[in-house]
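J.: Quick one: the structure is below, and I'll ask about it shortly.
No value in this document is a laboratory result; all are computed from the given coordinates. A quick note: this is a predicted structure, and the numbers were derived from the prediction, not measured. Glycine gets a Cβ as well: all are built from the backbone with ideal geometry, and neighbour counts include every protein chain shown.
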Amino acid sequence: MSKVSKTDWKRLEAMKDKDIDTSDIAELGDDFFQRAELRTPAKQTVTIRLDSDVLEWFKEQGQGYQTRINQLLRVYMETKQQKSN
């Protein structure tokens with residue numbers, strides 16, 4: 001995230017579920033979940049040339065390195081799109 005969070009994460013982590021006020025949130029019934037669809041962008045296989053040290057660094061971070069590379073590229077893309085609008 002580019003902005004520092006103002007959330008008191010330690011206080012939230014210490015809260016019990018019963019202490020959370022959900023009165024302004026409508027409950028989702030079985031009907032909602034029966035109709036719900038998970039939508040993810042389609043993936044496309046590509047060949048990309050990366051510097052070997054960059055690729056090794058991502059691989060050293062463990063499983064899911066391709067997903068992390070994709071996430072970084074998405075953030076870059078969205079930032080550029082916002083600046084052009």
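J.: For the stretch 19-26, just list the computed ³J(HN,Hα) in residue order, Karplus coefficients 6.51, -1.76 and 1.60, θ = phi - 60°, integers in Hz, with x standing in for Gly and Pro.
T.: Running phi through 6.51 cos²θ - 1.76 cosθ + 1.60 with θ = phi - 60° gives 8, 8, 7, 10, 5, 9, 10, 5 Hz.
J.: May I pose another question? When we measure straight from the Cα of K10, which lysines land under 23 angstrom away, once same-chain ones fewer than 8 places off are left out?
T.: Qualifying lysines at Cα under 23 Å: K18.
J.: Taking θ as phi - 60°, what are the ³J(HN,Hα) couplings along the stretch 39-50 by the Karplus curve (6.51, -1.76, 1.60), each to the nearest whole Hz, with x for Gly and Pro?
T.: Whole-Hz 3J(HN,Hα) from phi for the stretch 39-50: 10, 10, x, 5, 9, 10, 6, 9, 9, 10, 9, 10.
J.: Oh, and also: Need one word for the stretch 36-85: rounded, prolate or oblate. Basis is the Cα gyration tensor (sqrt eigenvalues a ≥ b ≥ c); a/c below 1.5 gives rounded, then a/b vs b/c decides.
T.: Numbers: a/c = 2.10, a/b = 1.31, b/c = 1.59.
Taking the square roots of the gyration eigenvalues as a ≥ b ≥ c, the stretch 36-85 is oblate.
J.: Test of understanding: what is the full-extension gain from R68 to T40, defined as 0.36 nm times their sequence separation minus their Cα-Cα distance? Can you show the working numbers first?
T.: On the way: separation 28, 0.36 × 28 = 10.08 nm, distance 1.55 nm.
Answer, rounded to one decimal: 8.5 nm.
J.: Treating only the Cβ of Lys, Arg, Asp and Glu as charged (+1, +1, -1, -1), what charge dipole size does the chain show about its Cα centre? Round to the nearest 20 debye.
T.: Values: 15 positive and 15 negative charges, 103 e Å.
With only Lys, Arg, Asp and Glu charged at Cβ, the dipole is about 500 debye.
J.: Further, regarding this structure: Magnitude of the Cβ-charge dipole of the stretch 44-85, K/R +1 and D/E -1, about the Cα centre, nearest 20 debye?
T.: 260
J.: Okay, moving on. Taking the Cα centre of the chain as the origin and placing charges on Cβ (Lys, Arg +1; Asp, Glu -1), which of A42, V54, I25 is farthest toward the positive end of the dipole?
T.: Farthest towards the positive end: V54.
J.: Give me the number: length gained by fully extending M77 to K18, i.e. 0.36 nm times residue separation minus the C-alpha to C-alpha distance, one decimal in nm.
T.: Working: separation 59, 0.36 × 59 = 21.24 nm, distance 4.04 nm.
Once the chain is fully extended between M77 and K18, it gains 17.2 nm.
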